[in-house]
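The values are calculated or read from the model by the stated rules, or taken from the named source; none is laboratory data. Small disclaimer: the values here were computed from a predicted structure and weren't measured. When we count neighbours, we look across all protein chains shown, and the Cβ atoms used for this are built from the backbone with ideal geometry, even at glycine.
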Amino acid sequence: MTDRNQWKHRATIILILVAFSSFIVFEQRSIDPIYTFQDLSKTSYAVKRDSLKKNWTCPKMFDKKETQKKYQEMWDSRKDFVVSSIDDNDYVYEKEIYGYISAILNDLIKANNGKVTPQYNLLLDRSSVVNAYAIGGNIIAVNLGLIEFADSREELALILAHELSHNILEHSENAMKDRAELLTSDEYKNSLNAVLDSKYERLTRLKKILEGYTFSRSRHNRYKESEADSMAVVLLKKAKISFDARYFLKLDSSDLHYQTPLKQPVGEYFKSYGIKFEDAWTTKRTRGLSSRNYNFKDTTKLQDSLKTHPDCVQRYEKTKSQTSPTLTFTPIPKSIKNKANKIILWNLFNNQNLTACMYRIMLAKDQNVADSWYDFMFHNAIIGLYYSDKNLMRFNSINVVQKELVSKNYFELQTALEQMPTDDIKAEYLGMQKLPFWSALNSDEKAFKELFNNLVNADFTDKTLRPKYSKEYLKNYPNSMYGEFADQFAN
Ligand SMILES: [Zn+2]
């Protein structure tokens, strides 16, 4: 059965159930919960965090006291970064995705026995940015944005092998060592002192020193990237996973998510819910900060500077001769891609990044995704906008992006969210609350709607109300992933 047929089928059931809902008590579980509140890293990675705190101690490297102290500082700040990211719930333990990535890692490790340490700490980062990172000490973090972006197991394996290589080659540790040495070197200190002593053109001279310093660092980094790429190819070949250098070229488009145009005008997505939308909202009336005229077409230069891993073309050129003669392509299971997208979407919403959240829903609609969960999130974004507006935080929650970084449609959506009259936003979310899709949702999702209504309607001068509603939600749905949102208001 295709998705579309399923949707038809489900729609019929819903219509019947809605008609008789006063007589029938039903618990329909058409949407599986994605993860639980306890799967967020503060709880699920607590053991990892504590062992990291205990075991990640800085080794003695330098005789020179000052240099060792600098090295220790960097080591500790790296540890603090990981520990605080875990405590901030930046990571999530989602069983299926975690299992899938771990299996690829294990294949790479097993096949390269001896070269790679068998003990790995995998962290799933909820970030939407297409990236993975190795922070040394056998830690590999994979962003959900990467899982959503990649199409095949082989593509993910290449990125994982690249990150493993950074760890094997101790790039992170060596970078800290080099930096500690440089910052405490006589040469560096003397040149800095010379600048500070000079009365004239202090700033220009200081700039020159720093430029020289960052230049050598970026050249060094490029070398490390290419070193990690070469080793990644070796690791893949040993594990009999095919390597396709063209994946590097594909990475070149990894920053373009919000530049993907929509299939319909922005207003149509609102109107499909039967709620009011005026197309005039998408055009700027006032000359605000973001109303400058930009050219939508020529953004090539700009895109290049935004890349998380630059030089994709060079990386392709350097490795293309190594491309496997026969290529296998194992698609990433749909359920994993869907989950990754949903977790990213929820995370964007929870971080009050409403434009990006809504835009992703529209992109999902363009893929004919028929899943009431996206309607639920569309509703949440609108009531969230209303809530922000009432709290004088509307501008923040839209998270305004420059015109040149996003598609025309994205910019129109952002403009509309800026300009929609408050009363219309209210009418929109109230209209959505009457739609039949709610019956396909789980009880914690329905209760989330009630929680939001309560938060919006609560007398804002009474500081006890919002914590009260939020605590109630947490008590009734202790495992729900939406508890994370309630938790923000609980105290
Ligand atoms: Zn790298």
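Worth a mention:
- Selection from segment 197-209 of residues that are surrounded by 11 or more Cβ atoms within 10 Å (Cβ to Cβ) and part of a helix (DSSP H, G or I): Arg202, Arg205, Leu206, Lys207, Lys208, Ile209
- One residue stands out among those in segment 175-189 that are surrounded by fewer than 17 Cβ atoms within 10 Å (Cβ to Cβ) and more than 30 Å from the chain's Cα centre (by Cα): the one that is nearest to the ligand (Cβ to nearest atom), which is Asp178.
- For first residues located in segment 321-335 and within 14 Å of Ile101 (Cα to Cα), partners that are among the small types (Gly, Ala, Ser) and lie 6+ apart or on another chain with Cβ distances below 6 Å form the pairs Thr330/Ser152; Pro331/Ser152.
Per-residue answers, yes or no, for (1) at pLDDT 95 or above; (2) basic (Lys, Arg):
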| residue | (1), (2) |
| --- | --- |
| Thr326 | no, no |
| Pro333 | yes, no |
| Trp373 | yes, no |
| Phe376 | yes, no |
| Ile383 | yes, no |
| Phe395 | no, no |
| Glu404 | no, no |
| Tyr410 | yes, no |
| Lys426 | yes, yes |
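- Taken together, the criteria place Ser172 among residues that are within 15 Å of the ligand (Cβ to nearest atom), assigned by TED's automatic domain parsing to the domain that holds Leu108 and among the hydroxyl-bearing types (Ser, Thr, Tyr).
- Residue match in segment 52-73 (condition: within 30 Å of Leu348 (Cα to Cα), out of contact with any Pro (no Cβ under 6 Å at 6 or more places or on another chain) and modelled with pLDDT of 75 or more): yes
- Residue match in segment 183-195 (condition: farther than 19 Å from Asp229 by Cβ, touching a Ser or Thr at 6+ places or on another chain (Cβ under 6 Å) and either without any contact (Cβ under 8 Å) to a residue 60 or more places away in the chain or part of a helix (DSSP H, G or I) (or both)): no
- Some residue of segment 257-265 being within 13 Å of the ligand (Cβ to nearest atom), within 30 Å of Lys408 (Cβ to Cβ), assigned to a helix (DSSP H, G or I) and within 29 Å of the chain's Cα centre (by Cα): no
- All positions within segment 126-159 that are more than 17 Å from the chain's Cα centre (by Cα) and either closer than 24 Å to Lys79 by Cα or buried (at least 24 other Cβ atoms within 10 Å of the Cβ) (or both): Ile135, Gly136, Gly137, Asn138, Ile139, Ala157, Leu158
- Candidates Met377, Met432, Met420 - the one that is surrounded by 21 or more Cβ atoms within 10 Å (Cβ to Cβ) and within 20 Å of the chain's Cα centre (by Cα): Met377
Residues checked against (1) more than 16 Å from the ligand (Cβ to nearest atom); (2) within 22 Å of Leu405 (Cβ to Cβ); (3) in contact (Cβ under 8 Å) with a residue 60 or more places away in the chain; (4) in a helix (DSSP H, G or I):
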{"site": "Ala232", "(1), (2), (3), (4)": "no, no, yes, yes"}
{"site": "Leu235", "(1), (2), (3), (4)": "no, no, yes, yes"}
{"site": "Lys240", "(1), (2), (3), (4)": "yes, no, yes, no"}
{"site": "Tyr247", "(1), (2), (3), (4)": "no, no, yes, yes"}
{"site": "Ser253", "(1), (2), (3), (4)": "yes, yes, no, no"}
{"site": "Glu268", "(1), (2), (3), (4)": "yes, no, no, yes"}
{"site": "Ile275", "(1), (2), (3), (4)": "yes, no, yes, no"}
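- Residue within segment 204-218 that is within 16 Å of the ligand (Cβ to nearest atom) and not assigned by TED's automatic domain parsing to the domain that holds Asn338 present: yes
- With respect to the conditions (1) part of a loop (DSSP other than H, G, I, E, B); (2) at pLDDT 90 or above; (3) more than 28 Å from Ile34 (Cβ to Cβ), Tyr316 lacks only one, and its number is (1).
- Residues that are free of Cβ contacts under 8 Å to residues at least 60 places away in the same chain and more than 15 Å from the ligand (Cβ to nearest atom), drawn from segment 133-169: Asn138
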